[in-house]
Amino acid sequence: MNQRYPRIFAVLLTLCFFCLIGLYTLEFPVISNTINGGSLAVGSMITGLLVSAGLLWRFRERFTPWDRHRPDVAFIVVSSMFFAPLLGSWLNRGLGETELQSFDFVAETPFVASGYGILQGEKVKPSGYHLQAIDNGIKRRFKYKTQEYYPLTKPGEKIMLPIRKGFFGARVMLLK
C-alpha cells in the first residue's frame, strides 16, 4: 500500500464495502427463489473460509506479529464468509443454462408489504405474489413482484417456469 495516501485508501475500501452490501441486498430476491439455495450459501461460506485461510497462511509474514493483527485477520475471515454467498450466487446463475421446467400448480397468492403500515381508507394494492408449486413431490414457494402470472390456473394443473440450472447445481426461478 502506498504510505502517502492511507486515508484515501481507507475511504475507498469503505465505499467498496458498502457497495458490496448494497449488491448483496439486491441479490436477496434471487437467493430466496433459488432451489437448494441454503446448500449453495453454506458451500460458498465454507469455500470463502478456506480461501481466506489459505491467503492468510500464504501472506502470514504480512500479519506478524499475530497479536497486533488479530482484528485485521478476523475482519478478513468474517468478511470473506459473509460475502461468499453473493459470489456463489452470481457464479451459479451466470454460468448456468435457462430452460422451462414443469411444476404442479398449487396457488398464487398476493401479498402486501408496507414499511409504515396501511392507512385507513387507503386502497390496498398487492406488492407482489407468492407462487406455490410442487416439484418432484416437494412443495416450493417462490416470490415475485411484477405481475400475477397464473390468475386462471387451477390447483393441480401443470405450469412451466423459467428455471436456470446453475453451475453449482442450485436452480433459480427467474420470474421477477
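Readers should treat all values here as calculations from the given coordinates under stated rules, not as data from a laboratory. Since we're looking at a predicted model, the values are computed, not measured. Neighbour counts are summed over all protein chains in view; Cβ atoms, including those assigned to glycine, are modelled from backbone coordinates with ideal geometry.
Quick notes
- Value of relative contact order over region 6-94, rounded to a whole percent, pairs C-alpha under 8 Å and six or more apart: 42 percent
- Non-local Lys pairs in region 97-173, i.e. 8 or more apart or on different chains, that have alpha carbons under 23 Å apart: 14
- As a rough footprinting exposure proxy, the listed residues I46, I159 were ranked by other beta carbons within 10 Å of their own, and the order from fewest upward is I46, I159.
- Charge tally in the Cβ shell below 13 Å around G128, where Lys, Arg are +1 and Asp, Glu are -1, G128 excluded: +3
- Neighbour counts of C-beta atoms inside 10 Å place F75, F105 in the sequence F75, F105, starting with the fewest.
- Neighbourhood net charge (12 Å Cβ-Cβ; Lys/Arg +1, Asp/Glu -1) for I163: +2
- Taking the number of Cβ atoms within 10 Å of each Cβ as an exposure proxy, the fewest-first ranking of R7, R60, R171 is R7, R60, R171.
- A simple spin-label model places the labels of Q147 and A74 5.2 nm from each other, with each point 7 Å out along Cα-to-Cβ.
- Separation of alpha-carbon centers, region 138-176 and region 94-132, rounded to whole Å: 11 Å
- Our summary gives the chain a relative contact order of 27 percent, counting only alpha carbon pairs under 8 angstrom and 6 or more residues apart.
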